[in-house]
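Working notes for the structure below.
Bear in mind these aren't lab numbers, they're just calculated from the coordinates by the rules spelled out. Keep in mind the model is a prediction, meaning the values are calculated, not measured. Note that we place each Cβ from the backbone using ideal geometry, even for glycine, and neighbour counts take in every protein chain shown.
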Number of protein chains: 2
Amino acid sequence: MAAASRVLHEQGVEKTTLADIARVAEVPLGNVYYYFKTKDQLVEAAIDAHALNFHAMTASLDLHTAAPRDRLKALLRGWVEQRELTARYGCPTGTLCSELDKRTDGLDRVAAEVMRLLIDYAERQFRSMGRSDSHELAIALVAAYQGISLLTNTFRDPELMTGECRRLERWVDSLA
Amino acid sequence: MAAASRVLHEQGVEKTTLADIARVAEVPLGNVYYYFKTKDQLVEAAIDAHALNFHAMTASLDLHTAAPRDRLKALLRGWVEQRELTARYGCPTGTLCSELDKRTDGLDRVAAEVMRLLIDYAERQFRSMGRSDSHELAIALVAAYQGISLLTNTFRDPELMTGECRRLERWVDSLA
DNA sequence: GTCTATACTTCGATAGAC
DNA sequence: GTCTATCGAAGTATAGAC
């Protein structure tokens, strides 16, 4: 599962073969099918793992950081810390949503749920700050992150993430 | 070529077969290879066509709109007008950059050039407005657009584009 | 230049021994 | 549960008639 998550992010879903995953996981190809009936099921499991990961991150954040504004700034710091990975392979959530959208099966909806988790979390923080426009602000924040992730990846320049997150931090601070 | 551009945007590069393109173009499969030696060459030609399209759009914009601030707002209006297409298939440039990044050949760099065109155009307008931080502003504007394109597409909701572009217009207006 | 037929390769998926 | 061998479908690319 860990091998699958990593390789799917690095190579993309379409370009990743089950042989790739089996090789990285150091198991024979046929073995993969003992745990996952189809490639789609494996991809869905990887998305679920990603969602669990996000829940764990926000739970820890809620526990250690009380002020909603600080939680948002912690999100920004986390994005900056991941900038090298993002420059190389893009945002894991964003690349999944972008790629899986092209599919006719329901797998794109599963990816969309993870994106929804992020927006909802940001929206809760803005609401706790007393903003009535919390939804619009959350959309703007996540859009800015997804957009700069794409540019960071497209131009292979991690410092794009640093600069934009600095700007976003000033923006978060400027909100009453 | 027109058929290829459309299908590649709608289905994505990886999920589009040459048979798909041949069918939409109403030519037999083998015929495609008379004009393009490989699928990669066809994709590259589609990207080039997209770049030409962008040049035509900005040339017309420069001709009919004098004030740089109005040119930026015209860009925003164009994005809102395309919102239904974006909700269904994403931003043509953004989806290409995201998908082609996963490739080892040089095709990802070709897609990045188109993204660069957009950033450079925005940057020139901000500079004409007398902003010394024109580069940072251009990155922020394009990132916001690419991000909201991804969300619009992920949630299949064209009104996300409408709302965010309204916010961006206020932002552009607020800049000295 | 246009079209049909097909060769070659890759990959998802399965069969069946151990 | 693990592993090897292989089937069958799909898709890129080519050969060669017209």
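Using alpha carbon centroids, what distance separates the range B:1-79 and the range A:115-141, in Å?
Distance between centres, Cα-based: 35 Å.
Using every alpha carbon pair in the range B:39-174, what percent of pairs falls into each 5 Å bin from 0 up to the bin containing the largest distance?
Reading the bins upward from 0: 2, 10, 19, 21, 21, 16, 8, 3, 1, 0.
Hey, got the average number of other protein chain Cβ atoms within 10 angstrom for residues in B:64-70?
Mean shielding count: 0.
Which value, in debye to the nearest 20, gives the size of the charge dipole of the protein assembly as shown about its Cα centre, when Lys and Arg are +1 and Asp and Glu are -1 at the Cβ?
380 debye
What do you get for the angle between helix B:2-11 and the principal long axis of chain B? Use alpha-carbon atoms, 0 to 90 degrees, nearest ten.
80 degrees
Tell me the distances, shortest first, between B:Ala25 and the same position across the other copies, using label points 7 Å along Cα→Cβ, in nm to one decimal.
Nearest to farthest, the other copies are at 3.9 nm.
If the label for B:Arg109 sits 7 angstrom from Cα along the Cα-to-Cβ line, what are its distances to the same label in every other copy, in nm to one decimal, shortest first?
Label-point separations across copies, in nm and ascending: 4.3.
Only helical DSSP H runs with n ≥ 4 go in: add -39500 (n - 2.57) per run for chain B, normalise by residue count and round the 222 nm mean residue ellipticity to 500 deg cm²/dmol.
So the calculated ellipticity at 222 nm is -26000 deg cm²/dmol.
Take the residue pairs B:Lys39/B:Lys73; B:Lys37/B:Lys102; A:Lys37/B:Lys39; A:Lys39/B:Lys37; A:Lys15/A:Lys37; A:Lys102/B:Lys39 and return only those whose Cα atoms are more than 29 Å apart.
As for pairs spanning more than 29 Å Cα to Cα, those are B:Lys39/B:Lys73; A:Lys37/B:Lys39; A:Lys39/B:Lys37.
Please give the average number of partner chain Cβ atoms lying within 10 Å of the Cβ of each residue in A:127-136, rounded to a whole number.
Mean partner-chain Cβ count within 10 Å for A:127-136: 1.
Once you average over the residues of A:77-87, how many Cβ atoms of partner chains fall within 10 Å of each Cβ?
0
Return one number: the angle in degrees, 0 to 90 and rounded to the nearest 10, between the long axis of the Cα atoms of helix B:134-154 and the longest principal axis of the Cα atoms of chain B.
50 degrees
Using the crude model of +1 on Lys and Arg Cβ and -1 on Asp and Glu Cβ, and no other charge, please compute the dipole size for chain B relative to its Cα centre, in debye to 20.
220 debye
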